[in-house]
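Since the structure comes first, as structure tokens, the remarks are kept for the end.
The values are calculated or read from the model by the stated rules, or taken from the named source; none is laboratory data. It should be emphasised that the depicted structure is a prediction, and the values quoted were computed from it without experimental measurement. Quick reminder, even Gly has a Cβ in these numbers, built from the backbone with ideal geometry, and neighbours come from all protein chains shown.
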């Protein structure tokens, strides 16, 4: 029988195509199995990682750069006091400098999340913190805030994943207003860093002060990071103000108070602000810081067992007393890690649920309770005055002159 060459070629072609389909199917199955295996491996890794990885985004440069290093020190003590582990795994912290700017904060947080951190710690500037908050909400990564004070960070119905264990600007501006009234100040000159959070805080204070019959005789809004306040200090000196309200912090507060001292403003007027002063500021300013009043977020003289233990450990390691930034960082991180340990789980959603309803009985500031409505810690408000220190304390220290109870400085959630 003669062979039909054309038919034979068609048959061979069909057989070849069937073989190719079988091979493609085999490859696809193999890839699917490999992918499933990889996902299983990654799932196991996520469920039981080798380390508990924390991404720390703080200011190590810029206007708020003086806070970042102290925050790192506070976190380090919190980790060391628990043997460097949580859930049986070593704790690793990856630190990033956001330069006190939102854009680098987001970029570096994104990189940290890609590096599989279990949580984000930071930032310092409220603008950076709010930018990070939007990112971690999308990525479902917990964020711990121990420094930024803008009220918008913790609001009812806000981010499920962001928690603040430190003060709000709202509580600090209420203390500043109370100080104004207690001192019977009648004429205020305000100096506010040109920054949204501080502008909002000043605007609230201005309205409430005017309602109380207090006159605002002048106001200036120098840029964040301003280096020359001499013209502002001169205007205040020529005004009839009996009080100078400074809505600023960090290097801005240091520069302003130092230059105010050059024209002896502190001798003729009360200088105060929601959060301008602590030992870090006083050390930067020197003797002209004496008499300045401010809200204080934490102080090492708080007399309770938890704080005594922390202060002793901090002083032993760094040969100095902890600043507000260090104390708040230590307190917040200790609280967070304790809650994570109690869950016994690597499920971040369980951490978030547990922290939203937690109470810190052994806070270095007494007792703090987390409000589930807005993820803001209820706590006392401290008001202090810079005085001359005596050995072994620094040359200039904050003396706590008044303690406000939580219900005096926080609005109930339903009224926010």
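Brief remarks follow.
- Residue 267 being surrounded by fewer than 24 Cβ atoms within 10 Å (Cβ to Cβ), without any contact (Cβ under 8 Å) to a residue 40 or more places away in the chain and either outside the structural domain of residue 243 (by TED's automatic domain parsing) or in contact with a strand residue (DSSP E or B) (Cβ under 6 Å, 6 or more places away or on another chain) (or both): no
- When we screen 160, 174 for residues that are assigned by TED's automatic domain parsing to the domain that holds residue 140, surrounded by 15 or more Cβ atoms within 10 Å (Cβ to Cβ) and out of contact with any strand residue (DSSP E or B) (no Cβ under 6 Å at 6 or more places or on another chain), the only hit is 160.
- Scanning segment 61-97 for residues that are surrounded by fewer than 20 Cβ atoms within 10 Å (Cβ to Cβ), touching a helix residue (DSSP H, G or I) at 6+ places or on another chain (Cβ under 9 Å) and assigned to a loop (DSSP other than H, G, I, E, B), we see that the one that is modelled with the lowest pLDDT is 61.
- Residue check, residue 179 surrounded by 21 or more Cβ atoms within 10 Å (Cβ to Cβ), on the phi < 0 side of the Ramachandran plot, modelled with pLDDT under 95 and not assigned by TED's automatic domain parsing to the domain that holds residue 363: no
- Residue among 344, 381 that is in contact (Cβ under 8 Å) with a residue 40 or more places away in the chain, out of contact with any helix residue (DSSP H, G or I) (no Cβ under 7 Å at 6 or more places or on another chain) and more than 15 Å from residue 143 (Cβ to Cβ): 344
- Look at (1) buried (at least 19 other Cβ atoms within 10 Å of the Cβ); (2) more than 25 Å from residue 246 (Cα to Cα); (3) touching a strand residue (DSSP E or B) at 6+ places or on another chain (Cβ under 7 Å) and you find that residue 131 fails only one, number (3).
- Condition check for residue 364: buried (at least 17 other Cβ atoms within 10 Å of the Cβ) and within 20 Å of the chain's Cα centre (by Cα): yes
- Of all residues in segment 348-361, those satisfying the criterion of being buried (at least 18 other Cβ atoms within 10 Å of the Cβ) and within 27 Å of residue 400 (Cβ to Cβ) are 358, 360.
- Summed over segment 367-388, the residues that are surrounded by 21 or more Cβ atoms within 10 Å (Cβ to Cβ) and farther than 25 Å from residue 253 by Cβ give a count of 4.
- Taken across segment 108-116, residues that are out of contact with any helix residue (DSSP H, G or I) (no Cβ under 8 Å at 6 or more places or on another chain), farther than 28 Å from residue 374 by Cβ, without any contact (Cβ under 8 Å) to a residue 40 or more places away in the chain and surrounded by fewer than 23 Cβ atoms within 10 Å (Cβ to Cβ) do occur, with at least one present.
- Looking only at segment 314-332, residues that are in contact with a helix residue (DSSP H, G or I) (Cβ under 7 Å, 6 or more places away or on another chain) and outside any helix (DSSP H, G or I) come to 3 in all.
- Residue tally, condition within 18 Å of the chain's Cα centre (by Cα) and more than 21 Å from residue 224 (Cβ to Cβ), over segment 165-196: 2
- When 282, 277, 245 are checked against the criterion of being in the same structural domain as residue 187 (by TED's automatic domain parsing), at pLDDT below 95 and under 18 Å from residue 176 (Cα atoms), a single residue qualifies: 277.
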